[in-house]
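Written out below as structure tokens is the structure these notes cover.
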Amino acid sequence: MFLLQVTDTPATLDSMLTAPGASTAPIEDLSLLDLLIKGGWVMIPIAILAFLGLVIFIERYLTIKKASRYDSNLMIQVKQNIMSGRLEAALALCRNSNGPLGAMLQKGLTRIGRPIKDIEGAIENVGKLEVSKLEKNINILGIIAGIAPMLGFVGTIIGVITIFHEVSIKGVIEIGTVSGGLYTKMITSASGLIIGIIAYVGYHILNMMVDRLILRMETDAIEFIDLLDEPGS
């Protein structure tokens, strides 16, 4: 009898585990893509803003980085050529630089012989034009940083309205309907905030890069004017 009870025990345990009501309900596993899809149609403009912001940031970052790299030693070489009397060589260096500082110095070199104030004004005007080229589309990142969170909140509000509309039709408040609808619609808020924060950070990173380049351009422009204003230049 004892052996019979022992051999029957595993079968009994198996039957208990497989009995109806003994097992727990499977937990729904959602991937990130599934969660984003559950956010609804509001996720489409948020995704467009995310893609647009990423493209603008990468394009502007590479452009500003390129401008900074080309202008690293330009002023030193131009100064050496001017002091040696090789004006055409200095102009050739500026033309080949393909950077904002090169354009500024080239304009100044072509104005040599005129009053210093005229040269300074010409350099300043070219500098403003070059800075505006560097800052192109950066403000769009600031707009994305403001719009994306608002779109996320709009998606959540629309989801809440939809939930209460369904409750009013059914006449019964069901926890599953309310909580399930809310968590899917809160995805839009989370996505909007994340995109907004990333765009905000990218906007300020690009502005800091431009500010550093502007400071160096102003420093080199002042050095260039002082070089021309020296006695005997």
List the number of the failed condition for Met217; all other conditions in (1) buried (at least 16 other Cβ atoms within 10 Å of the Cβ); (2) under 30 Å from Val42 (Cα atoms) hold.
(2)
Within the stretch 188-210, residues closer than 21 Å to Glu130 by Cβ and open to solvent by 90 Å² or more (accessible area, probe 1.4 Å) come out as Met208
Could you give every pair whose Cβ atoms fall below 6 Å, whose first residue belongs to the stretch 95-122 and is assigned to a loop (DSSP other than H, G, I, E, B), and whose second residue is of a type in the set (A, V, I, L, M, F, W, C), counting only separations of at least 6 or pairs across chains?
Gly99/Ala67; Arg111/Ile119; Arg111/Ala122
Before we move on, is Ile82 among the β-branched types (Val, Ile, Thr), closer than 13 Å to Ala221 by Cβ and either at pLDDT below 85 or in contact with a Phe, Trp or Tyr (Cβ under 8 Å, 6 or more places away or on another chain) (or both)?
no
Residue check, Lys185 against (1) over 30 Å from Leu101 (Cβ atoms); (2) at pLDDT 85 or above; (3) open to solvent by less than 90 Å² (accessible area, probe 1.4 Å); (4) not β-branched (Val, Ile, Thr), all met but one. Which one?
(2)
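Tell me whether the stretch 90-109 contains one or more residues that are open to solvent by less than 20 Å² (accessible area, probe 1.4 Å) and hydroxyl-bearing (Ser, Thr, Tyr). It would help to see each step written out before you state the result.
Just the residues of the stretch 90-109 that are open to solvent by less than 20 Å² (accessible area, probe 1.4 Å), to begin with: 90-91, 94, 97, 99-102, 104-105, 108-109.
Next, from what is left, pick out any that are hydroxyl-bearing (Ser, Thr, Tyr): 97.
Within the stretch 90-109, one or more residues are open to solvent by less than 20 Å² (accessible area, probe 1.4 Å) and hydroxyl-bearing (Ser, Thr, Tyr).
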Considering only the stretch 39-79, state which residues are surrounded by 20 or more Cβ atoms within 10 Å (Cβ to Cβ), part of a helix (DSSP H, G or I) and either of a type outside the set (A, V, I, L, M) or in contact with a Cys (Cβ under 6 Å, 6 or more places away or on another chain) (or both).
Gly53, Phe57, Arg60
Would you mind telling me which numbered condition in (1) under 22 Å from the mean Cα position of the chain (by Cα); (2) in a helix (DSSP H, G or I) Gly127 fails?
(1)
Which residue pairs have Cβ atoms under 7 Å apart, sit 6 or more places apart or on different chains, and have a first residue in the stretch 217-229 that is in a helix (DSSP H, G or I) and a second that is among the hydroxyl-bearing types (Ser, Thr, Tyr)?
Leu227/Ser233
Considering only residues that are open to solvent by 20 Å² or more (accessible area, probe 1.4 Å) and either in contact with a Cys (Cβ under 6 Å, 6 or more places away or on another chain) or in a helix (DSSP H, G or I) (or both), which ones fall in the stretch 130-144?
Glu130, Val131, Ser132, Lys133, Asn139, Ile140, Gly142, Ile143
Right, Ile82: open to solvent by 70 Å² or more (accessible area, probe 1.4 Å) and assigned to a helix (DSSP H, G or I) or not?
no
As an exercise: evaluate Ile161 against (1) modelled with pLDDT under 90; (2) open to solvent by less than 80 Å² (accessible area, probe 1.4 Å) and give the number of the one condition it does not meet.
(2)
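The values are calculated or read from the model by the stated rules, or taken from the named source; none is laboratory data. For clarity, every value in this text was computed on a predicted model and none was experimentally measured. Neighbour counts run over all protein chains shown; Cβ positions are idealised from the backbone, glycine included. Surface areas here come from the heavy atoms of the whole protein model, side chains and all, with no ligands, DNA or RNA. Shrake-Rupley method; radii C 1.70, N 1.55, O 1.52, S 1.80 Å.
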